[in-house]
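The values are calculated or read from the model by the stated rules, or taken from the named source; none is laboratory data. Not measured: the values here are computed from a predicted model. Here Cβ is always computed from backbone atoms with ideal geometry, including for glycine, and neighbour counts include all displayed protein chains.
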Amino acid sequence: MRKNIFATMIIVTAFFVTNLSVFAGGEKETLDLGAGVTMDLARIPAGIFLMGSPEAEDGHSGYEAPQHKVTIAKPFYMGVYLVTRAQWKTMMGSDPSQLPGVDDQPVDSVSWLDAQEFCKKLSIKTSKTVRLPSEAEWEYACRAGSTTRFCYGDDPDYSKLGEYAWFTANSDDYTAPVGQKKPNAWGLYDMHGMVVEWCQDGLHDNYTGAPTDGSAWETNPKITPAGICHMMRGGTNNSKGKGCRSAARDWGPEGNRCADVGFRVVVE
């Protein structure tokens with residue numbers, strides 16, 4: 001029994017180290033949006049992780065339960081940064097953002113339906129499948145191999161969160177140019193805080209019956225008085241630390257355009 005356990009530990013450790021080495025090598029892809037505007041994507045490896053949070057985690061809510069194993073069977077590419085105003089204007093022709101800012105800040109005030117249209121146009125432009133991430137893909141990429149509250153550790157007093165995120169303690173309720181904070185272990189920036197990010201999934205109150213293959217959970221979404229809603233991740237520039245955790249979930253009506261909402265894309 002001990003030999004089997006030891007062998008399993010070696011395999012798991014080797015798998016994790018191999019995944020980290022992919023990013024140490026800087027494996028990325030760049031999309032050309034035209035007019036001198038590009039979009040950087042990081043390769044996210046296949047793997048298995050625990051999605052959600054344990055009841056003992058500070059900030060845990062019933063929306064994040066039950067914690068469950070998810071298998072990401074195939075690698076995918078994810079935007080290194082949030083979609084910026086320059087990228088949005090290049091594809092869509094105008095800037096809907098309500099917050100003051102410049103081209104290299106994240107586009108805000110984008111509805112889920114708007115994000116779908118952006119992905120559709122970018123798919124046609126690049127001849128690639130561009131889409132929103134599933135919730136599982138988003139959390140897997142945010143964690144980057146970690147099992148803690150944040151991608152870099154548990155940080156119970158939020159003493160390090162400001163090194164990785166724009167949130168209520170340091171943002172003055174504004175956004176900043178993307179990529180100014182530290183990235184996670186897989187090279188993704190601003191996964192905690194800044195603007196909350198749309199995911200493909202419909203609204204569900206918890207993970208009972210959720211897919212375990214990393215796909216978006218679009219069947220039988222909860223319908224609210226505001227209509228069809230979709231999940232959002234990552235927290236915002238005015239979120240408290242608990243709201244920026246890797247497992248934290250939020251949601252909103254698919255047509256709403258709020259000033260603290262943006263997104264990043266996935267390319268298959």
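Taking only region 50-77 into account, find how many residues are surrounded by 19 or more Cβ atoms within 10 Å (Cβ to Cβ) and either part of a strand (DSSP E or B) or in contact with a helix residue (DSSP H, G or I) (Cβ under 6 Å, 6 or more places away or on another chain) (or both).
7
Condition first: within 17 Å of ASP190 (Cα to Cα) and either without any contact (Cβ under 8 Å) to a residue 12 or more places away in the chain or basic (Lys, Arg) (or both). Now tell me which residues in region 72-107 satisfy that.
Answer for region 72-107, where residues must be within 17 Å of ASP190 (Cα to Cα) and either without any contact (Cβ under 8 Å) to a residue 12 or more places away in the chain or basic (Lys, Arg) (or both): just ARG85.
Looking at (1) of a type in the set (S, T, N, Q); (2) surrounded by fewer than 21 Cβ atoms within 10 Å (Cβ to Cβ); (3) touching a Leu at 6+ places or on another chain (Cβ under 9 Å); (4) in contact (Cβ under 8 Å) with a residue 60 or more places away in the chain, which is the one condition that is false for ASN238?
(3)
Looking only at residues in region 92-127 that are aliphatic (A, V, I, L, M) and assigned to a helix (DSSP H, G or I), which one is surrounded by the fewest Cβ atoms within 10 Å (Cβ to Cβ)? So that I can check it myself, show each step before the final result.
Residues of region 92-127 that are aliphatic (A, V, I, L, M), as a first pass: 92, 99, 102, 107, 110, 113, 115, 122, 124.
Those left that are additionally assigned to a helix (DSSP H, G or I): 92, 113, 115, 122, 124.
On the way: MET92: 16, LEU113: 15, ALA115: 26, LEU122: 23, ILE124: 11.
The residue in question is ILE124.
Among the residues that make up region 195-214, is at least one of them closer than 24 Å to LYS28 by Cβ, surrounded by fewer than 24 Cβ atoms within 10 Å (Cβ to Cβ) and at pLDDT 95 or above? Talk me through it step by step, then tell me what you get.
Here is the first cut: in region 195-214, the residues closer than 24 Å to LYS28 by Cβ are 195, 197-200, 214.
So of that shortlist, the ones also surrounded by fewer than 24 Cβ atoms within 10 Å (Cβ to Cβ) come out as 200, 214.
Narrowing the set further to residues that are at pLDDT 95 or above leaves 200, 214.
Within region 195-214, one or more residues are closer than 24 Å to LYS28 by Cβ, surrounded by fewer than 24 Cβ atoms within 10 Å (Cβ to Cβ) and at pLDDT 95 or above.
Name the residues in region 235-263 that are in contact with a Cys (Cβ under 7 Å, 6 or more places away or on another chain) and outside any strand (DSSP E or B), would you?
Step one: filter region 235-263 for residues in contact with a Cys (Cβ under 7 Å, 6 or more places away or on another chain), giving 235, 246, 251-254.
Of everything in region 235-263, those that are in contact with a Cys (Cβ under 7 Å, 6 or more places away or on another chain) and outside any strand (DSSP E or B) turn out to be GLY235, SER246, GLU254.
Every residue in region 197-224 that is free of Cβ contacts under 8 Å to residues at least 40 places away in the same chain and under 18 Å from the mean Cα position of the chain (by Cα), please. Steps first, please.
Of region 197-224, the ones free of Cβ contacts under 8 Å to residues at least 40 places away in the same chain are 202, 204, 209, 218-224.
Scanning region 197-224 gives GLY202, HIS204, GLU218.
GLY145 is checked against (1) within 17 Å of VAL70 (Cβ to Cβ); (2) assigned to a helix (DSSP H, G or I) and fails just one. What number does that condition carry?
(2)
Go through region 209-234 and give me each residue that's touching a Phe, Trp or Tyr at 6+ places or on another chain (Cβ under 7 Å) and among the hydrophobic types (A, V, I, L, M, F, W, C).
Within region 209-234, ALA210, CYS229, MET231, MET232 qualify.
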